[in-house]
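Here is the structure we will look at.
Coordinate-derived values only; no laboratory data. Since the structure is predicted, the reported quantities are computational estimates derived from the model, not experimental observations. In this analysis, Cβ positions are derived from the backbone assuming ideal geometry, glycine residues included, and neighbour counts consider all displayed protein chains.
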Amino acid sequence: MNFVNDETFPEPPVIIHVNRDRCDGCGLCVDVCPDFALKVIDSHTRPGKKIVRVESTKCHGCGVCQATCPKEAITLPGLGPDDLREYISQAING
Ligand code: SF4
Ligand code: SF4
């Protein structure tokens, strides 16, 4: 088994990215954010639908919302679901 170290792990992320095609505005992430950085709003691109918006000045990239989202709609740069799968794969398979 290999270890993921400082050289293979990205710098601490600053702010999340919300995938507008995946987010359905369920609000689960809003409830868990410790910094009250998330808010469900009306979608501008999909009339009648909701989406979550992040307030960039409040988000500190802790990742709690990403871990909570059932749609995998939230991504931390370099630490999104696909990135984490790759790190785990590297750690197991080398
Ligand atoms: S938990 Fe996911 S799907 Fe629900 S509002 Fe947050 S980002 Fe959107
Ligand atoms: S990464 Fe942390 S601080 Fe930023 S929106 Fe998600 S839960 Fe809130």
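Give the cross-link partners of K50 among the lysines, using a straight C-alpha distance below 19 Å as the criterion and excluding same-chain residues fewer than 8 apart. List returned: K39, K71. In nanometres, what is the gap between the two model label sites at E55 and K39, each 7 Å from Cα along Cα-to-Cβ? The modelled label-to-label distance comes out at 0.6 nm. For the chain, the longest principal axis of the Cα atoms and the long axis of helix 81-93 meet at an angle of about 20 degrees. If a paramagnetic tag sat 7 Å from the Cα of T68 along the Cα-Cβ line, which residues of the range 24-58 would have the backbone N under 15 Å from that point? Correct set: 24-41, 52-55. For the range 17-93, the residue among T45, V30, I74 whose Cα projects farthest onto the positive side of the dipole built from Cβ charges is T45.
Count Lys and Arg as plus one, Asp and Glu as minus one, and take only other residues whose Cβ is under 15 Å from that of R46; the net charge is then +3.
Packing order of peptides 77-88, 14-25, highest average first: 14-25, 77-88 (average count of other Cβ atoms within 10 Å over each peptide's residues).
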